[in-house]
1. When segment 137-190 is examined, which residues are found to be of a type in the set (Val, Ile, Thr) and at pLDDT 90 or above?
2. In a helix (DSSP H, G or I), farther than 22 Å from Gln549 by Cβ and not β-branched (Val, Ile, Thr): does that describe Arg417?
3. (1) small (Gly, Ala, Ser); (2) modelled with pLDDT under 85; (3) under 13 Å from Thr371 (Cα atoms): which one isn't true of Ala326, the others all being true?
4. Taking segment 644-664 as the region of interest, how many residues are farther than 25 Å from Glu691 by Cα and open to solvent by 50 Å² or more (accessible area, probe 1.4 Å)?
5. Specify the residue that is farthest from Tyr309 (Cα to Cα); the eligible residues are those in segment 336-353 that are among the polar types (S, T, N, Q) and surrounded by 16 or more Cβ atoms within 10 Å (Cβ to Cβ).
6. Take the residues in segment 153-172 that are assigned to a helix (DSSP H, G or I) and farther than 18 Å from Thr232 by Cβ, then tell me which one is least open to solvent (accessible area, probe 1.4 Å).
7. Restricting to segment 414-429, name every residue that is surrounded by fewer than 18 Cβ atoms within 10 Å (Cβ to Cβ) and over 19 Å from Arg460 (Cβ atoms).
8. Any idea which residue in segment 376-390 is least open to solvent (accessible area, probe 1.4 Å), counting only those that are over 17 Å from Arg449 (Cα atoms) and of a type outside the set (D, E, K, R)?
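The values are calculated or read from the model by the stated rules, or taken from the named source; none is laboratory data. All values derive from a computational prediction rather than experimental measurement. Note that each Cβ is placed from the backbone with ideal geometry, even for glycine, and that neighbours are counted across all protein chains shown. For the accessible areas, the whole protein counts, side chains as well, though only heavy atoms, and no ligand, DNA or RNA atoms are used. Shrake-Rupley method; radii C 1.70, N 1.55, O 1.52, S 1.80 Å.
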Amino acid sequence: MSETTGKTRLRALIVEDSEDDALLLVEHLQHANFSLEWQRLETEQALLKALEQSWDIVFSDYSMPYFSGSRALEVIKHHDPDIPFIFVSGTIGEDTAVVGMRAGAQDYVMKGNLTRLVPAIHRELYDAKMRRERRTAEQAVRRLSMVVEQAADSVFITDPQGKIQYVNPAFERLTGFTAKEAIGDTPALIKSGHHDEAFFRNLWDTILAGGVFRETLVNRRKDGALFYEEQTIAPLFDSAMRISSFVSTGRDITDRVRSEEKRTQLLEILEATTDFVAIMDGDGRLRYLNRAGRAMLGLSNDEDLSARYIADCHPEWATQRILMEAFPKARRDGVWHGESVVNGTGGREIAVSQVVLAHGGANGASEFFSTIARDISERKHFEHELKRQATHDALTELPNRLLLEEHLSSELARARRGRFLAAVLFLDIDNFKRINDSLGHAAGDALLREVARRLRECVRPNDVVARYGGDEFTILIGDLTHSDSILAILHKLREAFETAIFIAGQDVYAAFSMGVSVYPHDGSDPETLLKNADAAMYRAKENGRNQYQFYAPEMNARGEELLALETDLRRALDRKEFVLYYQPQLDLRNKGIAGMEALIRWQHPVHGLVSPDDFIPLLEETGLIVPVGEWALRSACTQYREFNKAGLAPLRISVNVSARQFRERALLDRVQQAIRDEGIPPHHLELEITETTAMHDVQVTSEILGALDALGVRLAIDDFGTGYSSLAYLKRFPLDVLKIDRAFIPDSPHNGNVGAIAEASISLGHKLGLEVIAEGVETMEQVAFLRTHECDILQGYCFSHPKPVGQVAQFIMGYPLSQLPGL
């Protein structure tokens with residue numbers, strides 16, 4: 001391929017298996033004003049064929065399916081060691097690149113960053129040209145005749161045209177060329193390419209004019225190694241004062257120049273690095289400080305360092321550590337490394353990772369020290385932030401459970417030594433879920449932050465307030481001399497939350513259930529104290545919430561009982577211990593039986609019929625509510641079919657769907673399959689979800705209810721009034737039934753507030769076109785109230801208790817409604 005788009009002509013061989021990568025490389029070179037002739041290949045056979053032509057440069061990937069960059073380098077260098085070879089790879093590492101460059105590669109460039117490529121090309125093309133010129137010059141020098149056989153300095157003689165007539169043994173030793181090789185050639189034999197045409201023009205102008213030329217030259221030995229020579233070239237005249245020849249004497253100063261070059265290179269590296277680099281004598285006086293070090297200390301680049309000491313670089317403690325620890329260890333072992341601090345500008349301290357090296361003098365003693373310090377401020381900040389994130393709650397910025405346990409362990413150790421008391425307070429916000437569900441998660445978060453702030457203000461600086469998780473907080477109180485002191489703290493906590501918290505445009509009151517355990521009475525280790533405070537907190541909740549309870553040993557017995565119950569509960573479904581009871585519902589409009597609600601019961605083989613209040617919360621906590629709920633749905637549909645076989649008129653059956661079950665993706669399929677398998681008419685199946693479940697995510701609820709409604713099943717909102725739903729949202733849901741919670745059914749005609757809520761709920765349901773059911777109806781006064789306000793259906797003990805399957809048909813068929821007084 002040949003394209004001419006730039007000014008510099010370049011014939012390039014590209015060893016690359018990816019055509020796209022090769023084209024990107026070509027495009028990059030074309031943009032750099034190269035007139036490019038190029039060929040891409042990816043096999044050794046193709047490479048050998050291509051080398052039949054001449055090329056200016058070779059670019060090669062390192063890792064390829066059919067060829068390796070290292071093999072390509074070997075082939076190229078064998079063919080022509082002067083062709084520049086540059087690795088252009090996306091996978092080559094630094095160590096591999098070093099190996100490649102030792103094998104003859106001139107450079108390496110990463111595919112993702114070609115910034116260095118163009119300068120490297122220009123440099124290597126120039127170096128290749130110089131190498132070729134040097135090789136030609138070295139071959140010409142062999143014709144030089146020997147002038148001074150015993151001279152230590154190199155000597156050669158040329159004719160007036162510059163052809164070598166003689167070389168001495170020193171020349172042979174210095175250049176590596178024998179006399180036979182040099183004579184007849186020119187001094188270009190040892191030409192390195194480091195001097196331009198103007199240099200040599202000046203040389204010839206000088207000696208042709210009869211003058212003596214003195215200069216330091218960079219020449220190249222026969223083996224390709226460069227050497228530096230202080231050279232003197234003078235003309236020799238014949239009797240007619242015509243130049244008959246030229247004599248050159250040279251002294252090898254390569255070692256001296258190399259030493260100076262290394263020093264210069266090292267200095268350039270030290271000045272370019274971003275690390276703090278300094279050289280000091282044994283007492284800490286600065287001999288050298290690089291540019292980065294000066295910048296860290298706020299010193300100008302030309303400021304004199306002769307009066308500066310290590311104490312000017314570090315704070316006092318760090319200086320003492322270096323003088324007393326780092327220097328002695330470096331003298332003993334050669335090196336010391338650790339973390340330290342450098343004085344930054346404006347009094348700022350910069351955290352550094354520091355290395356101190358000892359450098360020996362002529363007698364083996366440490367003559368001076370060098371140090372390299374790298375700024376690790378960002379890493380330190382990151383580590384600090386990671387530690388904080390691991391030990392603090394992101395929302396409230398309080399210590400989390402992990403840090404609390406560390407504080408608690410430390411505090412208990414102090415309490416043992418000081419023989420004083422310590423208390424653990426476990427707090428749970430009683431009404432958080434209602435606030436969170438009604439006002440949204442943002443409001444819930446705001447509440448938690450404000451609660452955290454008030455709790456911190458209630459305790460001493462040395463006490464610890466932690467967020468234990470969710471809406472639970474823990475307070476660690478130390479240095480107590482008497483347990484009665486805790487009462488004052490509890491009183492202060494109660495007072496702190498008597499004032500409303502303004503959130504989401506309204507006042508909210510936070511109420512707590514608090515449990516207290518005291519060291520050493522209620523436990524001597526963090527785990528026991530936390531567990532006992534938690535148990536006490538749950539006792540407070542059982543006693544009516546917004547209360548506190550101190551731990552009592554008998555609370556453990558109740559916990560063990562619930563744990564055993566949970567173990568049995570996990571086996572109950574497989575053992576077929578769950579049963580369904582049915583509570584009939586009375587239609588007040590026609591005094592007929594409107595339907596039945598299926599209620600799950602647990603027939604424990606030892607404890608008998610377990611209260612739903614004991615096992616339903618456990619089902620929800622363990623996640624078993626989902627499979628048990630599915631069993632209840634399937635069993636209710638199956639028993640509906642059995643009721644029909646028994647001759648009962650088709651009745652509507654209501655089944656409760658838990659919050660977790662409602663969010664299950666498979667809910668729709670399970671309902672559809674139960675209807676299909678059991679042959680129950682969809683409109684005879686009613687699914688109940690609580691108001692709180694419905695309002696958790698209105699959009700998702702609307703989609704799920706819409707899909708269930710499409711199946712034809714009836715949908716009911718249960719426990720209406722206990723949540724915070726709005727009319728606007730209820731109108732969006734495809735509902736059929738509104739069930740009023742028993743808490744809003746008035747016990748007597750004189751309970752005006754509750755009665756007003758019930759009346760409003762009935763009216764709201766009817767305006768939304770919903771059937772209204774009142775739950776938990778137990779007295780005839782309640783029946784009369786509901787009939788007066790045109791409630792559609794009632795359910796409760798005044799009509800019927802929940803009944804096992806075997807008694808349902810007997811109740812419905814054997815008891816005429818006319819025999820039920822007052823109904």
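1. Across segment 137-190, the qualifying residues are Val155, Ile157, Thr158, Ile164, Val167, Thr175, Thr178, Ile183, Thr186, Ile190.
2. Against the criterion (in a helix (DSSP H, G or I), farther than 22 Å from Gln549 by Cβ and not β-branched (Val, Ile, Thr)), Arg417 qualifies.
3. Tallying (1) small (Gly, Ala, Ser); (2) modelled with pLDDT under 85; (3) under 13 Å from Thr371 (Cα atoms), Ala326 fails exactly one: (2).
4. 6
5. Among them, the one singled out is Ser353.
6. That would be Pro169.
7. Hits for segment 414-429 are Arg416, Arg417, Arg419.
8. Looking at the filtered set, the residue picked out is Ile376.
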